[in-house]
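Only one structure is covered here, and it is reproduced in the block below.
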Amino acid sequence: MHREAKQGLGATYVAGFRWGLARGYGVLVEHDADGSHQPEQLPRLLEALKDADMVKGSRWVKGGSVKNWPKHRELLSRGGSLWSRLALGLPIKDVTGGFSAFRAETLQGIGLDNIEAAGYAFQVDLARRAIAKGFKVTEVPIEFIERERGDSKMSSRIVAEAMLLTTRWGPCTG
């Protein structure tokens, strides 16, 4: 799939999900293409998907880790997950993580048309929607490696978007 212009992380994933759903895929996976999410860990997510509707690869559960990441990035990531978890009442340790597997029914049931987050809050939005709709979300440990290619898109604008959206969304009522 080729995108003509940058439209943000959220819009890109939604387009990819729609592409897969339109072709009848039963499982769809999201992961970074910069080498930070290791494909060798995908079987762990798919195995957990047998008993869940959405599986998040987690850096912050027992057995999860980060490698070669600057301390300030780890603190920002942990802080973002903690903020989102507390603000929304989510039972997920790594709610901002971007290595996830979904059953097609989960993506169809969470309302992709209403996703409003363009940046990293997209990950939070998917998880909160799944939980609010009663889908079972679980985490499995992964090792996250500092990117091999590209540059981080993290910016103060993305952090502000995430904080504003999570504040507006309020506690999950799933």
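None of the figures in this text is laboratory data; all of them are computed from the coordinates on show. Computed from a predicted model, the values in this text were never measured in an experiment. Positions of Cβ are generated from backbone atoms using ideal geometry, with glycine treated the same way; all protein chains shown enter the neighbour counts.
Can you list the aspartates and glutamates whose alpha carbon sits under 18 Å from that of Lys133, skipping same-chain ones fewer than 8 residues off?
In chain and number order, the partners are Asp51, Asp53, Glu105, Asp113, Glu116, Asp125.
Taking segment 13-85, which chymotrypsin sites (Phe, Trp or Tyr not before Pro) meet the DSSP loop condition and have no more than 15 other C-beta atoms within 10 Å?
Within segment 13-85, the qualifying chymotrypsin sites (Phe, Trp or Tyr not before Pro) (loop, at most 15 other Cβ atoms within 10 Å) are Tyr25.
So, in nm, how far is label Leu86 from label Glu47 when the simple model puts each one 7 Å beyond its Cα toward the Cβ?
Each label point lies 7 Å from its Cα, and together they span 3.5 nm.
Over what distance in Å are the Cα centres of segment 66-100 and segment 13-52 separated?
20
Apply 1/(1 + (r/R0)^6) to the Cβ-Cβ distance of Gln38 and Glu4, taking R0 = 30 Å, and write down the FRET efficiency to the nearest 0.05.
Efficiency at R0 = 30 Å is approximately 0.50.
Tell me which aspartates and glutamates have Cα within less than 16 Å of Lys71's Cα, excluding those fewer than 8 residues away on the same chain?
Filter leaves Glu143, Glu146.
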